[in-house]
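Here, each number is a calculation from the coordinates, and none is a lab measurement. What you see is a predicted model; the values in this text were computed from it and never measured. Here the Cβ is made from the backbone with ideal geometry for all residues, glycine too, and neighbour counts use every protein chain on show.
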């Protein structure tokens, strides 16, 4: 939901799940083309160096990507997100992009805009994407490059943005709320909203590393805002707070105290979308890296993963009493950053409460209860 931090699919929609089990044939998927990136952002959960030989060797080949895409289309896929890392680093990006377009897929691209060149403009003008989403880390050289840690990246970022917008290519903007750029977020929001009619969105949720790198995880934690800072920041953004006000009845739900369900996945993961990692692993969502929740497409088929593996994962349950009593019955769970995927990244297990997420949820709930009488 643009303009808001909430994930409205946190509420269980069992009727939808029942329908999807019987007719799982309309969906979208994300392809991570690479884990390599030209930036080295302090908060990033996936990036590896541009010239990382091992990472490059693990990347799916053009032929394997086409094999996955053909199977996805045959199963009913209609939309594909190309992401990374930085997807434009792939030398065969244009070949992949054109081939997917010719299969009838709507395409979106996530990029930092730094590598954008005239050749990309020609490509996107001839074969227009559904949209291109750009991450904005700062609107001054000092702030931007404090986050990216790459000298000269801000100038290239601005050039890439200007090239895209100047050629009429649809662009959406997003930002991460970081310790390193929070002082500049109002200016970031103004920068973005001036350049696009679409809603600008920012996200305070910083995922830990998919590869478990402990040193990088400490960097990510150092960039996290406090629960109180997050609640105040969201309150200060009128567009975001209006979205919260509109959806308040769903976000704070006292009836959750009566839920006795012990299923782990009550979100929408795997209902109508999936993710393929740069090295060929199928996941229900991009953050779900628990070994019991990934499927190797290099040795199995997408049809098997979609039709049989997804229901198996979604049927997983928990017997952890602390989780069942605290998280499953929590009336403000929809204000929380908790989910099985993030629980695993934070604790190594799928069903453990995460204290910092709990504090964020209650800080948000307190702000809402003070400002919105209907809550």
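Before moving on, here are some points about what is shown:
- Build a GNM of the chain with springs between Cα atoms under 10 Å apart, and of 351, 279, 211 the one that fluctuates most is 211.
- Extension gain, residue 130 to residue 232, is 33.4 nm, computed as 0.36 nm per intervening residue step minus the present C-alpha separation.
- Comparing 85, 138, 212 in a Gaussian network model of the chain (Cα springs below 10 Å), the most mobile by mean-square fluctuation is 212.
- Over the chain, Cα pairs under 8 Å with separation of 6+ residues give a relative contact order of 19 percent.
- Euclidean distance between Cα centres, segment 59-135 to segment 140-178, Å: 20 Å
- Mean separation of Cα contacts under 8 Å, 6 or more apart, over the residue count of segment 287-356: relative contact order %: 38 percent
- Pair residue 239, residue 359: separation of 7 Å Cα→Cβ label points (nm): 3.0 nm
- Computed [θ] at 222 nm, helices only, for the chain once each DSSP H run of length n ≥ 4 contributes -39500 (n - 2.57): -11500 deg cm²/dmol
- Spin-label zone in segment 127-147 - amide nitrogen under 20 Å from a point set 7 Å from the Cα of residue 158 along the C-beta vector: 134-147
- Antiparallel %, DSSP beta bridges [both residues in the chain], to 5: 15 percent
- Gaussian network model of the chain, Cα within-10 Å springs - most flexible of 156, 125, 53: 53
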